[in-house]
Amino acid sequence: MTFRRILVQHERKQSATLLPKPSWIKVKVSQSSVFNETDDLVKEHQLNTVCTEAACPNIGECWTKRHATIMILGSICTRACAFCNVATGRPSPVDLEEPIRTALMVKKLNLRHVVITSVDRDDLKDGGAQHFANVINEIRKLSPSITIEILTPDFLKKEGALITIASAQPDVFNHNMETVPRLYPSIRPGARYFQSLRILYEMKQYQPNVFTKSGMMLGLGESKEEVLQVMDDLRCAQVDFLTLGQYLRPTLKHAEVEQYITPDEFEEFSHIAKSKGFLMVSSSPLTRSSYHADEDFKILQIKRQSTHLSN
C-alpha cells in the first residue's frame, strides 16, 4: 500500500470529525523509492508496523528514512482503547519465528536504532514479555552495535514480566501514560494509571542505566493542570524522556478530538517539562512515541554524559 493511499484512507475516516483540522496538522505527502523499499521489506518478512496499523501521520517521512516501528505479537489487540486504531479481538497464537524475521529485516534496513512495540496480549501468561526479550536477543545477534527501544504494554497482572524485559537490557524502555488519570475510564478503560507509573519506576530500579520514556496525547479534554500533574508523577517515577503530541481521531468510532492544541501551547508545555527535570522533551502537534527516535537517542546519550560531568 502506498503512502498516498494510507493517507487518503486516514483522511476519509476522519472526514466527519466535528472540529476542522487546523493548518499545522496538515501532513505533506512524501513518498520515494526508499519508502517503497521499506514497505516491500515489511511485507517480505511478514511483519506488522504500528506506522500502518495506527495510521501514523509521519509514515511518509519515517519510511523514507528507513525508520519503521515494528509491531510484534500480531495485529489484534486484546483491549479496546478509545483512541487507538489497532484492531481489537482474539489474537492468533504467538509466532515463534517472528523474532528472527524481525532481526533479518532490521539488518537489511541497516538501522542504528530500532523501535519495537506490540499490541496488548492479556491472553498470554506473561503478556508477551518473553517474546519481547526474544526479539531483542535475535536483533543483537545479527546487529550487535544497534540500540534497541521498546514500547510495551502495561503488563497488568503479569507477575515477573518486567523482570523478563529488564533482563534483555533494552537501551530505551518506553511505556505511554497516554492521558490524564481522570480520562482513563473512557479513553483507556483496560489500563490503570498507577500500574503504568509503577512499571516505569520499577524498570529504573531493575536497570538504572536504561533510558525511560513516556508519552501523552493532548486534545482529549484534559486540563493544563492535569497535564502538569502527570509530568510531576512521571518525574517521581524517574522518567527521562517525555513526548507530547496531538490526539487525532482515527475513525468515527473513536473518541472525539475535544481541542486542537496550538504549536505555541506545545512549546509552552515543552519549557515547563524541561524545568521539571526531564532529560529530554519532544512536544509538538505531530510528535509520536517513536518519531525521530534514533536522533533522540543520540541526544539522550549526550545529555546524560553532560549531566554526569556537571555533577
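The values are calculated or read from the model by the stated rules, or taken from the named source; none is laboratory data. No experiment lies behind these values; they were computed from the predicted model shown. Reconstructed Cβ throughout: ideal geometry from the backbone, glycine too, with neighbour counts over all protein chains shown. The area values use the complete protein model at the heavy-atom level, side chains included, leaving out ligands, DNA and RNA. Shrake-Rupley method; radii C 1.70, N 1.55, O 1.52, S 1.80 Å.
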Report the Cα centroid-to-centroid distance between the range 265-279 and the range 179-232 in angstrom, as an integer. 16 Å
Could you sort 157-169, 230-242, 92-104 so that the peptide with the highest average Cβ count within 10 Å comes first and the rest follow in order? 230-242, 157-169, 92-104
Between GLN205 and ARG182, what length in nm is gained on full extension when 0.36 nm per residue of separation is reduced by their alpha carbon distance? 5.5 nm
Unit charges at the beta carbon, dipole of the range 195-310: most positive-side option, PRO208, SER306, LEU286: PRO208
Hey, which aspartates and glutamates would be in cross-link range of LYS21, C-alpha to C-alpha under 14 Å, not counting anything within fewer than 8 residues on its own chain? GLU11, GLU256, GLU258
Summed residue charge, Cβ within 9 Å of GLY128's Cβ, Lys/Arg positive, Asp/Glu negative: 0
Hey, what's the per residue convex hull volume over the C-alpha atoms of the range 90-136, in cubic angstrom? 78 Å³
Using a probe of 1.4 angstrom, how much of the accessible area of the range 189-231 is carbon and sulfur, in percent? 54 percent
Going by amide H atoms built from the backbone, whose H comes under 5 Å of the H on ILE72, apart from near neighbours? THR117, SER118, VAL119
State in Å² the accessible area per residue of the range 181-311; use a 1.4 Å probe, count heavy atoms of protein chains only, and round to the nearest integer. 46 Å²
